[in-house]
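Chemist: Below: one structure in structure tokens.
The values are calculated or read from the model by the stated rules, or taken from the named source; none is laboratory data. Note that the structure is predicted; figures quoted are calculated from it, not measured. We place every Cβ from the backbone using ideal geometry, glycine too, and count neighbours over all the protein chains shown.
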Amino acid sequence: CWRLARSLPALHGVVQSPQFPQPYPAALSQQWDLSVPEGYQLQLSFTHLDIEPSADCYYDSLTVLYDKKVLAKFCGQENSADGHHPGNRPLLSPGNRLTLVLQTDDTNPEPHQHLGFSAHYQAKDIDECSAPDPEDGSGPLCSQLCHNTLGSYMCSCRHGYELRPDQRTCVLSCGGGIFDEPEGTLSSPGYPDPSPHGLACQYVISVEPGFIVNLNFTDSFHIEHIGTQNGPSCLYHWLQVSIPDKEPQKLCGGKSPGLMPTNSYTVQLDYHTDWAGLSQGWSLHYTTQRVQCASPSSITNGRVTPNFPQYYYRDYIQVRCDPGYKLMMDGREIKSYASMCQKNGQWHLSLPECHIIDCGEPKALLNGGVTFISGSQNQHLSVIQYHCNEPFYSLLGGATVSYTCAADRTWRDNLDTPVIPSCIPVCGQPTVYLSGFQR
Amino acid sequence: IMGGEKAPDKTIPWQVMLSVDGGRAGAMVIGDRWIMTAAHNLVQKGKLVLKEKLRVFMGDNDAEKLAKLTPLGVASLHPHPEYKNPDNANYNHDIALIKLQQPLTFHAAIMPLCLPPEDTIYKTGQIGMVSGFGIKEDDIIANKLRYIRLPVVDGNKCQASVNSAKAAMPTETIPVLTDNMFCAGVPEGGQDSCTGDSGGAYVLMEDSTKRFWAAGIVSWGVGCGQTGRYGVYTRVAKYISWINKTMEDN
């Protein structure tokens, strides 16, 4: 990069008379050859010019030349009556070069001492696309499309044509086009001009699997057809639409097919014209959309998130069960569930089910027991009650006895505690008391 | 038990029968792993008996039936550390705990006794009840559990009774009466606990709850059922801290 930078002309610079801002010497003849890179014009702007004024800048002068042709000759001071001062207006070279020549005579009149000049130059991009053909000036630089770039330009061609080796003109060529962008525009060669004869153009729209292509023909549609009793017959000119696993469809006539869903991620279009007849051509804009998956059915005791009106390729769904229920799939409990809409329009996992949880058998209470109050099979929200084997054991004062099967699958009392109560022995209370009535 | 009666089934469910190296003694249930008795049942001639030689029975009022049962396994013996009675003359701190290997399941025939709050005052004249399989009035060992109701005796009267015994039997070494003991009985004699009852419970009933609590442990006496003599019992309320600590530490 260092060598290249040194070898290329600078994009800008400053040029000044000798000893500026001191007065320039007498009997001087000095030349500056300024240049900027190819593809740019050189623009010169004077920030100061003070050269001894004279008619036609006879004594002292600064001459501006391009290719030995004098563009301007300056002397004098700004607003001075004599001489020719450039003012504030910049000078634009026809090309990327410019030559300045400062010539002074042997004397400088007293008492004023003239300071010379100071100017800066810079490269200015040329819009080659707006310039006429440099060869004969008869036509545009590019025969079809022109793209201006900094310091240069580039020609390109519409679909159906390719650039000739001269990098300027286009030749008809409509084969091998593959369109893999999510959307785009296709048209017959030369559209909206009539299609050339002898065409065999192939267009392949092929996007990522998981997306489907929709063709949308513009209203301006005309492909030569032969009228028959059964409608138009695409005998000599046709546009054939081929979709995998379907019969190819030939289009012709003057009526636009309009919107044509393909339900495929790849479509081939073959445009054929023979050596006679007239087809005005066609144009279409294609778009793509993601493959749609069936909306998941509702989950009993659970819900599917997110809830979209439709689900498309790469959309994810999750299933969450209501509190007290667990995710089950293929007879086994799963911790979580997520399924993605695949490129074939199928969910990668079938939907799970939400089954009610159970807390299992309640812990046995030493010297006590447990009674089921409500619910069944230890399921969520079932209620049990602990009791002690009375009268020999009793619950500690304040102990709770009712437990409910909670969503975390533990039996919990009304204080949300999973600890079961304890049975404390009853002391000093025989079941049979000594009795005596004799006095 | 002298002058008492047979206890109907399930009326004294805390009663435990001990067999220590062939001798019979009493004890009481105080927890599902703990039995309380007199230290002198477990410490003989200054030595702690082997726990393997101690057999623990409970759940029936018939000693012959009890003896046919499989004894409960003993995990450890815990006589009070200050019990020192080499000459059978000092029954101070006559209290011991027995830890069972397996917890008991309580039912109508086996229930624990309550323990009193520490330093509970025993009211003189309050009627308590003592039970056991020991000697009855005809000097015959009782094979059916017997019980008798006896009042708590005033401490001074009891001390006077011991003093009179000392005077009457100058050649005998009468044990000393301490604050860790209390007396129960009647001055006219004939009603008392006796040999074989030691370690059993002297219980009082708490009026408000009608619950029996362990007030005393049958400890010693001068003869049995003699006129002017009383039975001497270990004062359980003095040992609540030791009981709790022993159970917690073990």
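Chemist: Would you check which residues across segment B:115-148 are within 14 Å of chain A (Cβ to nearest Cβ) and surrounded by 21 or more Cβ atoms within 10 Å (Cβ to Cβ) and list them?
Modeler: B:Leu115, B:Gly128, B:Met129, B:Val130, B:Ser131, B:Leu145, B:Arg146, B:Tyr147, B:Ile148
Chemist: Mind listing whichever residues of segment B:63-86 are part of a strand (DSSP E or B) and under 18 Å from the mean Cα position of the chain (by Cα)?
Modeler: Listed by number, the residues that qualify are B:Leu77, B:His78, B:Pro79.
Chemist: Taking segment A:72-111 on its own, how many of its residues are surrounded by 12 or more Cβ atoms within 10 Å (Cβ to Cβ) and free of Cβ contacts under 8 Å to residues at least 24 places away in the same chain?
Modeler: Of the residues in segment A:72-111, 2 are surrounded by 12 or more Cβ atoms within 10 Å (Cβ to Cβ) and free of Cβ contacts under 8 Å to residues at least 24 places away in the same chain.
Chemist: Could you look through segment B:206-224, keep only residues that are in contact (Cβ under 8 Å) with a residue 24 or more places away in the chain and surrounded by fewer than 24 Cβ atoms within 10 Å (Cβ to Cβ), and pick out the one that is farthest from B:Val130 (Cα to Cα)?
Modeler: Ranking the candidates gives B:Val222 first.
Chemist: Does segment B:203-217 contain any residue that is part of a strand (DSSP E or B), aromatic (Phe, Trp, Tyr) and under 23 Å from B:Gln44 (Cβ atoms)? Let's see the steps before the verdict.
Modeler: Quick first cut of segment B:203-217, residues part of a strand (DSSP E or B) only: B:203-206, B:211-217.
Filter once more, keeping what is aromatic (Phe, Trp, Tyr): B:212-213.
Still in the running and under 23 Å from B:Gln44 (Cβ atoms): none.
No: zero hits.
Chemist: Mind listing whichever residues of segment B:96-112 are outside any loop (DSSP other than H, G, I, E, B) and more than 8 Å from chain A (Cβ to nearest Cβ)?
Modeler: Across segment B:96-112, the qualifying residues are B:Ala96, B:Leu97, B:Ile98, B:Lys99, B:Leu100, B:Ile110.
Chemist: So, one more: Consider segment B:149-161. How many of its residues are in a strand (DSSP E or B) and either farther than 20 Å from B:Ala27 by Cα or more than 14 Å from chain A (Cβ to nearest Cβ) (or both)? If you could, list the steps in order and put the result at the bottom.
Modeler: Quick first cut of segment B:149-161, residues in a strand (DSSP E or B) only: B:149-153.
If we keep only those that are either farther than 20 Å from B:Ala27 by Cα or more than 14 Å from chain A (Cβ to nearest Cβ) (or both) as well, we get B:151-153.
The number of residues fulfilling the criteria is 3.
Chemist: Please give the strands (runs of 3 or more DSSP E) falling wholly within segment A:388-439 in which 1 or more residues are more than 14 Å from chain B (Cβ to nearest Cβ), surrounded by 14 or more Cβ atoms within 10 Å (Cβ to Cβ) and modelled with pLDDT under 90.
Modeler: Result: A:393-395.
One line per residue, one yes/no per condition, for (1) within 14 Å of another protein chain (Cβ to nearest Cβ); (2) polar (S, T, N, Q); (3) surrounded by 14 or more Cβ atoms within 10 Å (Cβ to Cβ); (4) farther than 22 Å from B:Leu145 by Cβ:
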position: B:Asp9; (1), (2), (3), (4): yes, no, yes, no
position: B:Pro13; (1), (2), (3), (4): yes, no, yes, no
position: B:Val16; (1), (2), (3), (4): no, no, yes, no
position: B:Gly22; (1), (2), (3), (4): no, no, no, no
position: B:Ala25; (1), (2), (3), (4): no, no, yes, no
position: B:Asn41; (1), (2), (3), (4): no, yes, yes, no
position: B:Val56; (1), (2), (3), (4): no, no, yes, no
position: B:Gly59; (1), (2), (3), (4): yes, no, yes, no
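Chemist: Give the residues of segment A:187-218 that are exposed (fewer than 14 other Cβ atoms within 10 Å of the Cβ), more than 29 Å from the chain's Cα centre (by Cα) and at negative phi, sorted by residue number. Let's see the steps before the verdict.
Modeler: As a first pass, look at segment A:187-218 and keep what is exposed (fewer than 14 other Cβ atoms within 10 Å of the Cβ): A:192-193, A:197-198, A:200, A:208.
Still in the running and more than 29 Å from the chain's Cα centre (by Cα): A:192-193, A:197-198, A:200.
Listed by number, the residues that qualify are A:Pro192, A:Asp193, A:His197, A:Ala200.
A quick yes/no check of all residues on (1) aromatic (Phe, Trp, Tyr); (2) in contact (Cβ under 8 Å) with a residue 60 or more places away in the chain; (3) closer than 24 Å to B:Glu64 by Cα; (4) surrounded by fewer than 22 Cβ atoms within 10 Å (Cβ to Cβ):
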| position | (1), (2), (3), (4) |
| --- | --- |
| B:Ala89 | no, yes, no, yes |
| B:Leu100 | no, yes, yes, yes |
| B:Met111 | no, yes, yes, no |
| B:Glu172 | no, no, no, yes |
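Let's see how each residue does on (1) without any contact (Cβ under 8 Å) to a residue 24 or more places away in the chain; (2) β-branched (Val, Ile, Thr); (3) farther than 26 Å from B:Lys136 by Cβ; (4) within 14 Å of chain A (Cβ to nearest Cβ):
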{"position": "B:Glu5", "(1), (2), (3), (4)": "no, no, no, yes"}
{"position": "B:Gly46", "(1), (2), (3), (4)": "no, no, yes, no"}
{"position": "B:Asp62", "(1), (2), (3), (4)": "no, no, no, no"}
{"position": "B:Lys65", "(1), (2), (3), (4)": "yes, no, no, no"}
{"position": "B:Lys68", "(1), (2), (3), (4)": "yes, no, no, no"}
{"position": "B:Glu82", "(1), (2), (3), (4)": "yes, no, yes, no"}
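Chemist: Can you say whether B:Ile35 is at pLDDT 95 or above, assigned to a strand (DSSP E or B) and either out of contact with any strand residue (DSSP E or B) (no Cβ under 6 Å at 6 or more places or on another chain) or within 14 Å of chain A (Cβ to nearest Cβ) (or both), as far as the supplied structure shows?
Modeler: Numbers: at pLDDT 95 or above: yes; assigned to a strand (DSSP E or B): yes; either out of contact with any strand residue (DSSP E or B) (no Cβ under 6 Å at 6 or more places or on another chain) or within 14 Å of chain A (Cβ to nearest Cβ) (or both): yes.
It is true that B:Ile35 is at pLDDT 95 or above, assigned to a strand (DSSP E or B) and either out of contact with any strand residue (DSSP E or B) (no Cβ under 6 Å at 6 or more places or on another chain) or within 14 Å of chain A (Cβ to nearest Cβ) (or both).
Here is a yes/no grid of residues against (1) more than 16 Å from B:Asp179 (Cα to Cα); (2) touching an Asp or Glu at 6+ places or on another chain (Cβ under 6 Å); (3) within 14 Å of another protein chain (Cβ to nearest Cβ):
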{"residue": "B:Asp207", "(1), (2), (3)": "yes, no, yes"}
{"residue": "B:Cys224", "(1), (2), (3)": "yes, yes, no"}
{"residue": "B:Tyr230", "(1), (2), (3)": "no, no, no"}
{"residue": "B:Ala237", "(1), (2), (3)": "no, yes, no"}
{"residue": "B:Asn250", "(1), (2), (3)": "yes, no, no"}
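Chemist: Consider A:Ser61 carefully, then state whether it is closer than 30 Å to A:Ile126 by Cα and modelled with pLDDT of 90 or more.
Modeler: yes
Chemist: Residue check: is A:Pro244 without any contact (Cβ under 8 Å) to a residue 24 or more places away in the chain, under 16 Å from A:Asn344 (Cβ atoms) and outside any strand (DSSP E or B)?
Modeler: Values: without any contact (Cβ under 8 Å) to a residue 24 or more places away in the chain: yes; under 16 Å from A:Asn344 (Cβ atoms): yes; outside any strand (DSSP E or B): yes.
Yes; evaluated as a whole, the condition is true for this residue.
Chemist: When you look at B:Ile135, is it without any contact (Cβ under 8 Å) to a residue 40 or more places away in the chain and of a type in the set (A, V, I, L, M), yes or no?
Modeler: No.
Chemist: Read through the list (1) within 14 Å of another protein chain (Cβ to nearest Cβ); (2) closer than 20 Å to B:Tyr91 by Cα, then give the number of the only condition that B:Pro175 fails.
Modeler: With (1) within 14 Å of another protein chain (Cβ to nearest Cβ); (2) closer than 20 Å to B:Tyr91 by Cα applied to B:Pro175, the lone miss is (1).
Chemist: Just checking, which of A:Gly375, A:Gly369, A:Gly360, A:Gly345 is touching a strand residue (DSSP E or B) at 6+ places or on another chain (Cβ under 9 Å), within 14 Å of chain B (Cβ to nearest Cβ), of a type outside the set (Ser, Thr, Tyr) and over 30 Å from B:Ala201 (Cβ atoms)?
Modeler: Every option except A:Gly369 fails the conditions.
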